[in-house]
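Worksheet: one structure, shown below.
The values are calculated or read from the model by the stated rules, or taken from the named source; none is laboratory data. Every value quoted in this text rests on a predicted model; they were computed, and no experiment measured them. A quick note on method: Cβ atoms are made from the backbone with ideal geometry, for glycine too, and the neighbour counts reach across all protein chains shown.
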Amino acid sequence: MMMNMLIIFVMYLIGNMIFVSKYKHLLIVLLSLEFIVLSIFFFFMIYLMMIDNNLYMLMIFMVFSVCEGALGLSILVSMIRTHGNDYFQSYNLI
């Protein structure tokens, strides 16, 4: 059980390191956010199974994470259509 928690913590840290570091592409940032959400999902799953609680909270969390992913992809597509690429340096976010 502790090994699983350690793996989930390492997944979370790796996702945060990729998100915080300065990458050129928006797609890599969105993928790192999805990786963080996946590690949080695994943490919730293990935690809720340990306390023998309902797993309905996982379904609600997955609904919100899918909505977050769809919103990120729609922003990515609109930026690519308006600016031609997904580089951070090629457009002004203000």
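So which residues in the range 76-87 are touching a residue at least 24 places away in the same chain (Cβ under 8 Å) and part of a helix (DSSP H, G or I)? Hits for the range 76-87 are Leu76, Met79.
The condition of being within 21 Å of Phe9 (Cα to Cα) and either at pLDDT below 90 or under 11 Å from the mean Cα position of the chain (by Cα) (or both) holds for only one of Met62, Met57, that being Met57. Scanning the range 65-87 for residues that are more than 11 Å from the chain's Cα centre (by Cα) and surrounded by 15 or more Cβ atoms within 10 Å (Cβ to Cβ) yields a total of 3.
Going through Met49, Met62, Met57, Met5 one at a time, which residue ends up being without any contact (Cβ under 8 Å) to a residue 12 or more places away in the chain and surrounded by fewer than 16 Cβ atoms within 10 Å (Cβ to Cβ)? Sole residue among the options that is without any contact (Cβ under 8 Å) to a residue 12 or more places away in the chain and surrounded by fewer than 16 Cβ atoms within 10 Å (Cβ to Cβ): Met49.
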